Amino acid sequence: MKPWRSIIPLSLLLALTTITLQGTGQAAPVATRNLYIPVLSTAHDTGWTSPFGVEMSMVSERTGVVEAERAGFRWVRLNALVWSTVEPIRTSPATYQWNAVASVENDLRTARKYGLEPILIIRGTPGWAAVHPDWACSAIKREALSAFASFVKAAVQRYSQPPYQVRYYELYNEPDAAPDLVQKESVFGCWGDLSDNQWYGGDDYAAMLKEAYPAIKAANPEAVVILGGLLYDDPGRPASLRFLDGILANGGADNFDWMNFHYYFQGDRWDPWGPGIIGKATYIRQTLAKYGVTNKPLICTETALRTFGHEDLEPLKADFAIEANVRAMRANIPVVIWYPLLYPGFFGSGLLDPSGLAPKPAYTAYAIMSRNLASARYLRPMTAEELGGAANVEGHILTHRNGTEPLWVLWTTPVTATTAQANVRFPAAQFPKGMRITDRVGSTISVTDATDGAKDGQITVTVGPSPRFFEAVR
């Protein structure tokens, strides 16, 4: 989907492969540390909505919608409604060829049939309205913005009604990409402007928002307008990051409801602001805060780990799926979309083999995660004291079953080529019937105080690089 992006260097790929081998039992012996987990008190909380979503290019039984439902996905993102398809020629009054997007409408009906909440991307500038007529992803000419506003108003009026009932609309996809860096038929971008040293084209996108937002709200006041998911690719390349500043400095903030970004595993480039997706979310929120924007929900409409066709990286992709989503819960990101459902996707990021829909390990991890985190609320990260000083261990405490029972998710972080393991000590009194431990393939074991051969008031388990779920036997 994004062929112009930098590809993970071979050295990093080899490092990822090393980590994967260690996570499958081939690591050298390592030291362990003891962790002490406190007893929790919990509060009742029933307002839970699943954050788990997936992108699909088509929504049908043949392309995995049944499997998407079974895995526990709630959201489905469709990069589908193309303005240039519906209004290829400008007429007065406007003529919209809705029959040309019959397949999109069928996808929306099917999504609803299987209980999936659609996020519908509106994109694709007609040549007559484009700043760069040869690019399908072009920014819109200022004089054509009113035509776009009329189109999105008509689209929202049409698709807010049964049987579609679309509430969530995303305006273009990765608009901070520049046309010089993408293919002419690109399905993302391309409002970025390499010649704009001030706003990188973000001011043009803000002008579009100021026309489109009132039109969408006039069509459906309950519609949620989502900023096109930003690449926001690299804090070391600040030029493209100015795109968001351009939106915010030019009146765009009042004309969208949800902030939106994309996050792919790219090593540790965002770690100065927090681990993984947390770091990127923190960086973006700091940018928003500079302009006084503190009340926008922040969502992520694309995430994945790319395997580049290396099957030995599939287990790592499965680990990443859980880690990224749990971290997103910590970062208060209410929607996270995996890109995409079908393999290969973006350099091996897909979850299902298109031939027979055989699951990749990350699909299974999603199914196990959604089952274990059903109705879960994030409580807090474990403190350094609770982690016993083990800097390479990451632990998160959640509550589930309407907030009445604690749940822990722990893993070791692969910060070096040698991934250590850690012994975790839970107070046995908290688990009168024992502790249930579930791994990402769904294997479950139960342990008690005496499992390790010492009845000492503690339940001792081992944490490794693959996330596992810990809870009391009921």
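Once R0 is set to 41 Å, what does the formula 1/(1 + (r/R0)^6) return for the Cβ-Cβ distance between N197 and N99, expressed as a FRET efficiency to the nearest 0.05? Could you put the intermediate results ahead of the total?
On the way: r = 44 Å, r/R0 = 1.08.
Once the sixth-power term is evaluated, E becomes 0.40.
Starting from 0.36 nm per residue, how many nanometres of slack lie between R237 and A374 once their C-alpha separation is accounted for?
Details: separation 137, 0.36 × 137 = 49.32 nm, distance 3.86 nm.
That pair, R237 and A374, stretches by 45.5 nm at full extension.
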**Study point:** Point-charge dipole on Cβ atoms (K/R +1, D/E -1) for the chain, about Cα centre, debye to 20
**Key:** 840 debye
Review point. Short version: ³J(HN,Hα) in whole Hz for each residue of region 459-474, in order, from phi by Karplus 6.51 cos²θ - 1.76 cosθ + 1.60 (θ = phi - 60°), x for Gly and Pro, what are they?
Key: 9, 9, 10, 10, 9, x, x, 8, x, 9, 10, 10, 7, 7, 5, 10
Revision key, fill the gap. As straight-line cross-link partners of K290, the qualifying lysines (C-alpha separation under 20 Å, not fewer than 8 residues apart within one chain) are K280
Check your understanding: Based on the Cβ-Cβ distance of Y291 and Q157, what FRET efficiency does E = 1/(1 + (r/R0)^6) give at R0 = 35 Å, to the nearest 0.05?
Key -> 0.65
Review point. Amide H to amide H, which residues 5 or more places from M382 or on other chains are under 5 Å from it, using H placed in the peptide plane?
Key: G395, H396, I397
Practice item. Please identify which residues in region 120-144 have an amide N closer than 16 Å to a label point set 7 Å out from the Cα of I89, following the Cα→Cβ vector. Key: 126-129
Point to revise | Distance (nanometres) between label positions extended 7 Å along Cα→Cβ at K217 and S446 | key: 5.5 nm
Practice item. Report the FRET efficiency, 1/(1 + (r/R0)^6), for K455 and E385, where r is their Cβ-Cβ distance and R0 is 22 Å, rounded to 0.05. Key: 0.30
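Students often check this: by mean Cβ neighbours within 10 Å, which of 135-148, 111-124 ranks highest, and how do the rest follow? Before the final figure, lay out the partial values.
Values: 135-148: 19.1, 111-124: 21.2.
Order by mean packing, descending: 111-124, 135-148.
Give the shape of region 52-374 as rounded, prolate or oblate, defined through the alpha-carbon gyration tensor: a ≥ b ≥ c are the square roots of its eigenvalues, a/c under 1.5 means rounded, and otherwise the shape is prolate if a/b is larger than b/c and oblate if not. Present the calculation step by step, with values, prior to reporting the outcome.
Values: a/c = 1.64, a/b = 1.20, b/c = 1.37.
Taking the square roots of the gyration eigenvalues as a ≥ b ≥ c, region 52-374 is oblate.
Cα-Cα over 27 Å: which of K210/K296; K141/K184; K113/K153; K184/K296?
Pairs exceeding 27 Å: K184/K296.
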Check your understanding: Where in the chain are the DSSP H helices whose C-alpha atoms run 30 Å or more along the long axis and whose mean Kyte hydropathy is at least 0.5?
Key -> none
Study note, to complete from the structure: Applying a 4.7 angstrom Cβ cut-off across the chain, unpaired cysteine residues come out as C300
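None of the figures in this text is laboratory data; all of them are computed from the coordinates on show. Not measured: the values here are computed from a predicted model. Using ideal geometry, Cβ is built from the backbone for each residue, glycine included, and neighbour counts are taken over all protein chains shown.
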